Structure formats: C-alpha cells, structure tokens
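What follows is a single structure, written as structure tokens, with notes after it.
None of the figures in this text is laboratory data; all of them are computed from the coordinates on show. Just so it is clear, the model here is predicted, and its values are computed rather than measured. Glycine gets a Cβ as well: all are built from the backbone with ideal geometry, and neighbour counts include every protein chain shown.
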Amino acid sequence: MGALYNSFERDQLDAPKCHPRTRVAVINRLIDWLTRKIDDEALIMWLYGAAGAGKSAIAHTLAEICDKKGWLLATFFFWKTASERNNASRFVATIAHQIALAIPAAREFIELAINDNRRVFDLSIDTQLAKIILEPLQRLHSTSFNFLACPFVVIIDGLDECQGKDMQSKLVKSLSAAFYLSPLRLCILVASRPEVYLQSTFNSILGESRLARLALSYGVPEPHGWFQFSNRTSARE
C-alpha cells in the first residue's frame, strides 16, 4: 500500500508535491497528452530528469488531479529504502488492486483471473500483466464498457529506484508489449532519472509515435527548474 500516491507511508516519508502555481506548464502538457490534444498515439510518456528536478512532485500532483477527475487507474511510487517498494515483486498485484477499486466493473474479472490460478503472482511479470490486468480489462471492454469516455492513466514514479537495472528495463518492455496492440486506451507515465540503460530501453520499444518524452533539468539557479518538450523546444515554468 505504500506505493500508492496517497498512502500513509509516503505522506510520512517521501511525498513531495508541487507548490501552488508551480510546474504549471509541465502539468498542463501532461494533461494535454492524457486528453489527446498532443502526442495522441503515445502509450507511454517518459518524464525524466536528474535527482531533485521535481519528477516525484510532478507525478504526485498529476495523480491528485487525475484522481479528482476520475482518470487515475493506479500508481506505483518506487522508493529505494522501502523494502516493499524497492523491487518489482508486488508491482503487478498493486496495480491490479487499484484498478479493481478504480473500475468496480473490472473487479469481478480480476478476481476470476486470480482464482483460476492462485500462484499467478509467482509467475513472470509478463504473465502477471497478461493474466490479471490485460485479459480482465479486455473482457470488460467486450461488455461494451467505454474506455474512451475519459483518459485512464497509470503513473509509475522512481523507476530507477527499483532494484536491478535489468528489472527496470524489463518493466518498461513488459508494459509496452502488453498494451501495444491492445484496443484499450490507457496512458502510462513513467518517471525516472535519465540513466543510459533506460534511454536505451525506451529507444528500443514501441514505434516513435507510441512514446513521448518530457525532460526536466536544472539550467538556471531558480527554484522551479526547466523542462524540455519531446520535440526539443524548451520553455521556463
């Protein structure tokens, strides 16, 4: 439960938020992506920047906004010093639990999938994603549930704080593969430091139109920093 954006654990330890009237341009760009005003084919938005650039604060604030609007499916905030969220062992289960709460109609299908195989959480990340998230949501989609009625977003923060470089890359590849050909309209925000191996991973997945990028960096001694759009134009927040 500590991985949820509004968990008690994060509230006590590591939940930075954007101050009012800050990060406005970045938040607005992310909302434009969610509402398909820009990068309308992008499945994944990679928000990246150095430590202290504000990634977690932006992810938290966006989660709050989306939650209020009914757009938020799930969050997972990795944290390197928290034993239950510095690895991927509970990642899929945590996302599935939140989806069942966010879309009550999906709960039955998720529960059926788990009951069919009580050891599903001992299987690979790819299998878990397929069996308890993708397939249940596709079954819900076949009942005429309208996934286009509003944006649905999954927010993953601090990917680089998940133990193991290979696992970090694996999560990105597994998420992109699971939803690449899916008829569901989901948006996945991934925030991390711009590690070289993650750059390579993001460069290797999806088609160019299915991945958007938003870079955060400190370029001037101002508290709100800078950001750079994926089309390489820049602006001050």
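Things worth noting here:
- Each DSSP beta bridge with both residues in the range 8-236 is either parallel or antiparallel, and the antiparallel ones are about 20%.
- Only Lys, Arg (+1) and Asp, Glu (-1) charged, at Cβ; the chain dipole about Cα centre in debye: 300 debye
- Debye-sum result for the range 40-81 in log10 I(q)/I(0), which assumes one identical scatterer on each alpha carbon, at q = 0.14, 0.28 Å⁻¹: -0.40, -1.17
- When restricted to Cα atoms, the chain yields an Rg and a Dmax of 17.0, 56 Å, respectively.
- Farthest positive-ward along the chain dipole, Cα basis, beta-carbon charges - from Val120, Gln138, Ala57: Ala57
- Most mobile listed residue (Tyr197, Tyr48, Tyr180) in the chain, GNM with C-alpha springs under 10 Å: Tyr197
- Computed over the range 109-151, Kirkwood Rh from alpha-carbon pairs, angstrom: 11.1 Å
- Calculated on the Cα set of the range 3-136, radius of gyration then Dmax: 16.2, 48 Å.
- Candidate lysines - alpha carbon under 29 Å from Lys173, same-chain residues fewer than 8 apart omitted: Lys17, Lys37, Lys55, Lys69, Lys80, Lys131, Lys165
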